[in-house]
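Shown next, in C-alpha cells, is the structure this report addresses.
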Amino acid sequence: MQTLQAFMKRPTTWIGIATALMFQLIFSVVWMTGYDGVNDRMSQLTVGIVNEDADFGAKIAERLGTSLPVKTELLPSNEEALEKLNDRELQMVIRIPAEFSAAAADAGKTASIQYTLNESNPATIKSMMSSVAAQVTATVNKMAVGQGISQSLAQANVPAEQAAAAGGALSERVVSDIQSINRVEGMNNQMVPMMMVLASYVGAMIMGMNMEQSSMALAAAGASGKWRRFGSRAFINLIAAAVVSLVGTSLVMALGGQAEQGFFALWGTVFIILLTFMFVSQMFLLLFGMAGMLFNILTLSAQLVSSGAMVPRELLPDFYVGLGNGLPATYAVRGLMDVLFGGGGLGAAIGAMLVIAAAAVAVGALAVALKPQKLPRTAAVPAAGTAATAGAEASRP
C-alpha cells in the first residue's frame, strides 16, 4: 500500500495516466470525425473516359457522364489519360476502343471495354474502381440492347425468335478488360507507406521527448548554452535520420519489399521523411516543453487520417484535406508510393517535406531565441571568485 501511495504521489505517474487518456480522446475524436461519411463522398473521385469509337462509343461516354457515382472527364487520347492516372489526378481510365461498335453488332465477337487502374494508391481505390467498372459494363450491356441490335437483326430477314435470342446474347457479350499500372506485389507491400509513416513519426516524437529531457538536464547543470544545445540536437537529428532510415529501408527490402525506383531512392526518401518528422516533433517541444507531446499526439492522429495512407484524401472532409496539405505525412505517403510502386511527383513530395522541415527549424530557432539564457556554472564560478577577491582587496588598509 505504501508503494502504491508513493507511486501516486509522483507527478510522472499522473502524467503517464493523462497521456494514455489523451491518446484515447484524441484518436477517437480525430478518427471518428475524419472518416465520417467517407462512403458518401465517392462522387469526389474522378474517372477519365477515352472514346475512340465515333458511333456507339459517343453515346456510351455521354451516358456514363450522367450515370456513374463518380466525376468523369472526357480525354482526347489514351496517352494523356494514362499520364494523369500515373500522377493520381484520375482514379481510373475507361477506354472505349475504335472497334467497339462493330464487335458489339457481331454476334460472333465479344466487345470489350478497357479499364486501367493505378495500384500506387490506397487499397480502397482498387476495390472502389473495380465496383465502378462492373457497373459500367452492366450499363453498356443494357445500352447495347436499347440500341436496337435485335431490331437490326430482324431487319436483315432474321426470324423474330432468333433475333430476340441474338439480342439477348449480345446483352451479355460486353466484357471488362481490367489492367493495372504500378502494380503492388501483395498486401505487405501495400501497407508499407502507412507503416513507414506511423513508425517514423512515433519514433521521432519519442526520440524528441528524450532529447528534450537531456536538454533540460544540461540546462539545469549549466553545462552549455541554449544555442549549442539547439545545434547539437539538429546534428543528432541528421545523423540519426541517416542511420535509422538505412536500417528501416534495409529491413523492408530484406523482407520482400518492392522498390520501383531502387534501394537508394527509397533510402533517400525515408531519410527525408524521418528528418522532417524529427524537426516537426521537436518543434512542439521547443515551443511548449514537455507539454508539446500533447501536440505531437494530436499531429500523429491527424496525419494518419489526412495523409491518404489508408483512405483516399478525396473521400475525406474538406477540413482534413486542408489540414493534410500542411502536414508532412501527406507528402511522405505520396513520395513513398512513387518510389515503392511507381508514379509521378516524387520531386514535388520531397520538396514539400524540405520546406516543412525548414519551417520547423525556423520556428524552433525562434522559440530558442525567445527563451531566457541560463548562464553556465563554469562562467558563474569565476565571476563569484573575482567579486570575492575584489572585496578582499578593497578591505585591505
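One equal scatterer on each Cα of the range 217-325, no solvent, Debye formula: the resulting log10 I(q)/I(0) at q = 0.10 Å⁻¹ is -0.43. The peptide list 48-60, 230-242, put in order of mean Cβ contacts within 10 Å with the highest first, becomes 48-60, 230-242.
In this structure, the residue pairs whose Cα-Cα separation is over 24 Å, taken from 84/142; 109/142; 71/126; 59/126, are 84/142; 59/126.
Taking a ≥ b ≥ c as the square roots of the eigenvalues of the Cα gyration tensor, the range 30-118 is prolate, since a/c reaches 1.5 or more and a/b is larger than b/c. What the range 220-267 shows is 55 Å² of accessible area per residue, with the surface traced by a 1.4 Å probe over protein heavy atoms.
Only protein atoms count toward the accessible area here, which uses a 1.4 Å probe; on the chain, the carbon and sulfur part of that area reaches 64 percent.
Secondary-structure-derived ellipticity at 222 nm for the chain, considering helices only, amounts to -22500 deg cm²/dmol, per-run term -39500 (n - 2.57) for DSSP H runs with n ≥ 4.
Calculated translational diffusion coefficient of the range 324-376 (20 °C, 1.002 mPa s; Stokes-Einstein with Kirkwood radius over alpha-carbon pairs) equals 167 µm²/s. Per residue, the accessible area of the range 10-107 comes to 55 Å², computed with a 1.4 Å probe over protein heavy atoms only.
The C-alpha atoms of the chain define a longest principal axis, and helix 328-340 lies at about 60 degrees to it.
Measuring spread by the Cα atoms of the range 276-370 yields a radius of gyration and Dmax of 14.1, 45 Å.
Against the chain, whose longest principal axis is taken from its Cα atoms, helix 11-34 shows a tilt of about 20°. Within the chain, DSSP assigns beta bridges of which about 20% are antiparallel (rounded to the nearest 5).
Averaging Cα coordinates gives a centre for the range 1-54 and one for the range 178-243; these two points are 20 Å apart. Report, to the nearest 10°, how far helix 56-67 tilts away from the longest principal axis of the Cα atoms in the chain, using its own Cα long axis and a range of 0 to 90°. With both axes taken from Cα atoms, the answer is about 50 degrees. With the chain treated as a Gaussian network of Cα nodes joined by springs under 10 Å, which of 251, 275, 45 yields the largest mean-square fluctuation? It is 251. Within the range 55-138, the GluC sites (Glu not before Pro) that combine a DSSP coil assignment with at most 15 other C-beta atoms in a 10 angstrom radius are 89, 99.
The values are calculated or read from the model by the stated rules, or taken from the named source; none is laboratory data. Everything numeric in this text was worked out from a predicted model, so none of it was measured. Cβ: placed from backbone, ideal geometry, glycine included. Neighbour counts: every protein chain shown. What goes into the accessible areas is simple: the full protein's heavy atoms, side chains included, and nothing from ligands, DNA or RNA. Shrake-Rupley method; radii C 1.70, N 1.55, O 1.52, S 1.80 Å.
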